[in-house]
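Structure first, commentary second.
The values are calculated or read from the model by the stated rules, or taken from the named source; none is laboratory data. Worth saying up front: this structure is predicted, and the values here are computed from it rather than measured. Cβ coordinates were reconstructed from backbone atoms using ideal geometry, including for glycine residues, and neighbour counts include every protein chain displayed. With ligands, DNA and RNA removed, areas are computed over all heavy atoms of the protein, side chains included. Shrake-Rupley method; radii C 1.70, N 1.55, O 1.52, S 1.80 Å.
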Amino acid sequence: MKSEKIRKNFLEFFKKKNHKIVPSSSLVPEDDPTLLFTNAGMNQFKDILSGKKKADFKRAVSSQKCIRVSGKHNDLEEVGKDTYHHTFFEMLGNWSFGDYFKKEAIIWAWEYLTEVCKLPKERLWATVFRDDDEAEKLWYEHTDIIKGRVLKFDEKENFWEMGEVGPCGPSTEIHYDRGEEYKCEKPNCGVNCGCGRFIELWNLVFMQYYRDENRNLSDLPAKNVDTGMGFERLVAIMQGVDSNYDTDLFKPIIYKIEEITGKQYTVGRQKTSEGFFEKESKYQESFRVIADHIRGLSFAIADGAIPSNEGRGYVLRRILRRASRHCRLLGLHKPFLYKLSSVVVDIMGKTYPELSAKKEHIALVIKSEEERFEETLDLGIELFEKVAEKVKSKKEKIIPGEEVFKLYDTYGFPIDLTQVMAREKGLKLDLDGFEREMKIQQARSKEKTKFIPIDAKGLIDVAKHLHHKTVFIYDAYEVEANVLDVVYGPFNAFILEKTPFYVETGGQIGDKGKILADNFEFEVTNVFKEGDLVIHVGNIKKGKLSAKYPIKKVIARIDVERRKSIMRNHTVTHLLHKALKKTLGEHVNQSGSLVAPDRLRFDFTHFKALDFAELEAVEYKVNQKIWENLKVETFIALFEQAKKMGAVALFGEKYEDRVRVVKTGDYSMELCGGTHVKATGEIGLFKIISETSIASGIRRIEAVTGEMAYKLVKEQKEVLDNLEEILRVRGQEILDKVQQLLKSNKLLEKKLKKEVAKKAEEKIEKLAEKAEELDGIKIISNKFEIEKREELLELADVIRKNLKSSIGVLAGIIDKKIALVAVVTDDLIKEKGLKAGDVVKEVAKLVGGSGGGKAHLAQAGGKDISKLDKALKELPRIVKRMLKSKIKK
């Protein structure tokens, strides 16, 4: 039976039992910052199962996409070594939310496996929790499982907990016996042995208890059922194969790898006493790794994840780079993985249409990441080999943490890739040292540190204000406020009951302005939060601030024009975010921002640089929405309600139950606490200044709006006007004229290069005629008037190309320092063993310098210009010594 039919049968079976078919949720969790990837079927029902949310239905069934790459569930390094570990897999499951319980769950599981899947009953075993006599009884009373086939185990195997505190309960598992031929050598080989004979097929969890902080159990008012069955394992059993990789979920991928590489996954059938078995090829692990990893990569990228150096992006990078290394082991040294993504789409696209919709995007992301890794892989491997050799030569077993970090930071080697390479050489890594280096780097690379005046903070007695809160007034530029406290001393600060001053958060920088009272003016230069209080720090411009002159009430007034500029830039980041998604794809997500009065900066996930057409499209889309003068509304909503409305939330951000939503027409809607314009027309104009990479998989756009955009356009117009005048052409003709000039300049440079080369040959020819000879070797030394070292290198090339049996040392003075270049012709290197590096070192010593290089060409520097002439005259004696030294050897 085909896998597609098996999946459909499962969903239809439970649909007939009045279960709602719930589509798989995204692999990228939308509202669970504790998860990098969805890793179980129950993830999307977590709030229902924990009692935080009420379900719209009592019964559910689903086939859920999952990724597991670490922790107790899976180890990335195990994938490929056996036939059943995977990064990506599907979890079949059925759920009851306070409806049916153990009896129905057990009956239906048995009915599905024995009547729909028609698995032999003599092959099936069940396990229950040691104290769950009820479940054991239900198995024997309501199914025809063979007597003695229901076994009891402890908490490790048959008790499930959501966390240290929360819902929990016993479970029953169904295992499939593959047969005697798969048993291990243990005398007590059986269910939960850990060998390949008994396969855990289906886990039925009965959530009937609540565990409190003291580890005590109490009955839940509503009991739930949560089941999970590994789809790939079921398919392997149904299709009668020994390995998940031999099912129709993987075979087309493996066939494609064979076709492209010319390597075989198996090398024919081998007869043993137990029968015929496929004989493994030496490449089988690499085939499995690649086939597994391309599935995980394709699905994750389709759901919006992008390889990067952080979070889930780093997990994807680890997976992709591990797969890339196994491509190398199959003899592939160019990007290859991206060619397999279309095979994944062919297999799974009908069931998961998001794959088909993102087919080209998936291939582009993977290819881009492969190319990036290829750039550094060879260099990284070369460095690793040198380091490993050095460690072994010292008879040590551990590669230093600094070297491991260098591979990670400079060459993009995930730590586990280095571990694998080290293990292959019988070495280990200094992981503690690596972590130290990582922390140093993180501290060094922090983009900015928020300014918090520590001295002022220390002077504020926050404890006495615990019952107070500074209320931020969104739509006011000034407010009258009562003074809660005043700080005197090195830092002066006000604490007010309410304020129009925005505190830096969410990328938007804080306000500046004034605090005013009778005959008193205070310039606010910074604001920060301490608990629920807003601290206004600044300088007294007029009047006095002391206990003798208490101020009870003030006018707090922000710099209005500055705020308006900030609002323009903040609203436009929302338009930009949406425009990027529309132009590049839904995988684009904000990963950072800066909203200042004079500019904005927007960091986002994307796998390659934007080309001119893409940047132009993004800029135009943003300006289009500005010209439409869309209304910008803000309102408070429940978090779940806002999400249902389509509001964009940032991954990793923790939100309260009630959130602030910023809606821009019908174009954009985001959760945001910042300040915004009332209508997009207030922004005026949007211009992109630059688009750059700030990390792998993270791009940055810097832009300006309003007056700053006008100034930028004005400056650009002035440049064009000046060019028109200089070139004596009109606007549209500038480009043609510049191209003509560049072409003309290129021809002139070519001519000049020929002339320079000709003069160089003439110079060398004259020097060769006058050169001193020693045993048939021409010795050329000369000082030249030069502007740059390259001139000496060009002369040295002439000696190598035009002369035989010659040694030259050429010198020049650049910025009051000596530049030396030594050259030795190829015949002297081969026949006499002379090396330019040795020659230049000896000459450099005489002028207080040093240097080195290759056998045919070397460079050096020197400090003592007064000794240069004498040093050049010493060249024949230096060569003579070297020749004698070679003869003695």
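Quick notes on this one:
- Rounded to the nearest 0.05, the FRET efficiency derived from the C-beta distance between residue 103 and residue 314 at R0 = 45 Å is 0.50.
- Label point distance in nm, residue 867-residue 480, each placed 7 Å from Cα along Cα→Cβ: 8.5 nm
- Within segment 12-138, the proportion of Cα pairs with more than 25 Å between them is 39 percent.
- Accessible carbon and sulfur surface of segment 514-619 relative to its total accessible area, %, 1.4 Å: 45 percent
- Amide H contacts of residue 160 (H built 1.01 Å from N, under 5 Å, at least 5 apart or other chain): 169, 171
- If a spin label sat at a point 7 angstrom from the Cα of residue 886 along the line to its beta carbon, the backbone N atoms of segment 817-848 nearer than 14 Å would be those of 823-840.
- Exposure ranking of 866, 593 by accessible area [1.4 Å probe, largest first]: 866, 593
- Pairs of C-alpha atoms in segment 72-123 farther apart than 17 Å represent 60 percent of all such pairs.
- At R0 = 35 Å, FRET efficiency that the Cβ-Cβ distance of residue 627 and residue 598 yields, to 0.05: 0.95
- For residue 533, the residues 5 or more places off, or on other chains, whose built amide H falls under 5 Å of its own are 470.
- In the chain, the inverse of the mean reciprocal separation of distinct Cα atoms equals 34.2 Å; this is its Kirkwood hydrodynamic radius.
- Accessible area in square angstrom per residue, segment 65-166, 1.4 angstrom probe: 44 Å²
- If you plug the beta carbon distance of residue 728 and residue 829 into 1/(1 + (r/R0)^6) with R0 = 51 Å, you get a FRET efficiency near 0.35.
- Taking every protein chain into account, the accessible area of segment 742-818 amounts to 73 square angstrom per residue (probe 1.4 Å).
- Using alpha carbons only: equivalent-ellipsoid semi-axes of segment 296-392, gyration tensor based, whole Å: 29, 14, 10
- Placing +1 on the Cβ of every Lys and Arg and -1 on the Cβ of every Asp and Glu, with nothing else charged, gives the chain a dipole about its Cα centre of roughly 2820 debye.
- Heavy atoms of the protein chains alone define the surface here; on that basis segment 482-540 has 37 Å² accessible area per residue at 1.4 Å probe size.
- Whole-percent carbon and sulfur share, accessible surface of segment 1-56, 1.4 Å: 48 percent
- Here the accessible area of segment 101-243 is 45 percent carbon and sulfur, with a 1.4 angstrom probe and all protein chains present.
- Leading residue at positive end of dipole, the chain (Cβ point charges), from 51, 168, 708: 708
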